[in-house]
Structure formats: structure tokens, C-alpha cells
Amino acid sequence: MKITFYQTSSGRSPVLDYVRSLQNAERAHILAVLSDIEQFGFETNRATFRQIDGKLWEIKISHNRIFYVIVEHGEMVLLHAYKKQNQKLPLRERDVAIKRMKEVLL
């Protein structure tokens, strides 16, 4: 499976920026899981996937959450990432991901 990172109109990648901001061990873990997803698809046992809303999905990696959408040819576009703080999905985080998903699916 091919993984790509959503880019803003200025060329910034919010998910990549988020991953780079993490401590080395956590960053390495997330990048290893993403590599597993590229290699094994949804069969990887190092992450959990759940549907959020329609075509919007979430990857759970420890306390980190990455929203994504699947586009043509099974390409996974990583839209938004955040660190889970409590039980509920923050609406602000979901809304950012939905906005980006709409841009990608245009």
C-alpha cells in the first residue's frame, strides 16, 4: 500500500511535522508502523484501524492518532495527527481531518 502525506497549499505536511516533533523513540515507532502498513497493508498487528465518518479513518498507534483517507489505487493519504488525551475524540481534531479529506477527494 502506498502512503502519502497531505500537503497544504504552502507545501507543508502537518502529519510529517507532527511526527518530527515527537521524541526519538516515539517517532521511530510511528515510522516503523507506517512502514509495516506500506508493506503489509491492514494486516499489520502493530496498529488498529477504525472508521470515523464515511471515508475518514483513523490509525491508532499507542496514544497517537492519525486520520487518513483511501484514494485511487488504494493509496492512503495521511491527513492529520494528534496525541490522544482522553476518551473522546476531540471535535476540533476530527473537523480538521474532515476539511482536509474534502480537499483530497475533490
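The values are calculated or read from the model by the stated rules, or taken from the named source; none is laboratory data. Note that the coordinates shown come from a computational prediction; the quantities given were computed from them, not determined experimentally. Here Cβ is always computed from backbone atoms with ideal geometry, including for glycine, and neighbour counts include all displayed protein chains.
Would you say residue 59 is without any contact (Cβ under 8 Å) to a residue 40 or more places away in the chain and buried (at least 18 other Cβ atoms within 10 Å of the Cβ)?
yes
Would you confirm whether any residue within segment 29-45 is surrounded by fewer than 15 Cβ atoms within 10 Å (Cβ to Cβ) and either touching a His at 6+ places or on another chain (Cβ under 9 Å) or among the β-branched types (Val, Ile, Thr) (or both)?
No; the residues of segment 29-45 include none that is surrounded by fewer than 15 Cβ atoms within 10 Å (Cβ to Cβ) and either touching a His at 6+ places or on another chain (Cβ under 9 Å) or among the β-branched types (Val, Ile, Thr) (or both).
Condition check: polar (S, T, N, Q), over 17 Å from residue 36 (Cα atoms) and either in contact (Cβ under 8 Å) with a residue 12 or more places away in the chain or not in a loop (DSSP other than H, G, I, E, B) (or both). Does residue 87 satisfy that?
In short, no.
From the list 69, 77, 15, exactly one residue is of a type in the set (Val, Ile, Thr), in contact (Cβ under 8 Å) with a residue 12 or more places away in the chain and outside any strand (DSSP E or B). Which is it?
Unique residue meeting the criteria: 15.
Any residue that is touching an Asp or Glu at 6+ places or on another chain (Cβ under 6 Å), of a type outside the set (S, T, N, Q) and outside any loop (DSSP other than H, G, I, E, B) - is there at least one of those in segment 26-37?
no
Against the condition of a type in the set (Ser, Thr, Tyr) and at pLDDT 95 or above, how does residue 35 come out, does it pass? Outline the logic, then answer.
On the way: of a type in the set (Ser, Thr, Tyr): yes; at pLDDT 95 or above: yes.
So residue 35 passes the test.
Looking only at residues that are crowded, with 21+ Cβ neighbours inside 10 Å, under 18 Å from residue 9 (Cβ atoms) and not aliphatic (A, V, I, L, M) in segment 64-106, which one is farthest from the chain's Cα centre (by Cα)?
The selected residue is 100.
Give me the residue from segment 18-39 that is without any contact (Cβ under 8 Å) to a residue 40 or more places away in the chain and among the hydroxyl-bearing types (Ser, Thr, Tyr) and, out of that set, farthest from residue 61 (Cα to Cα).
21
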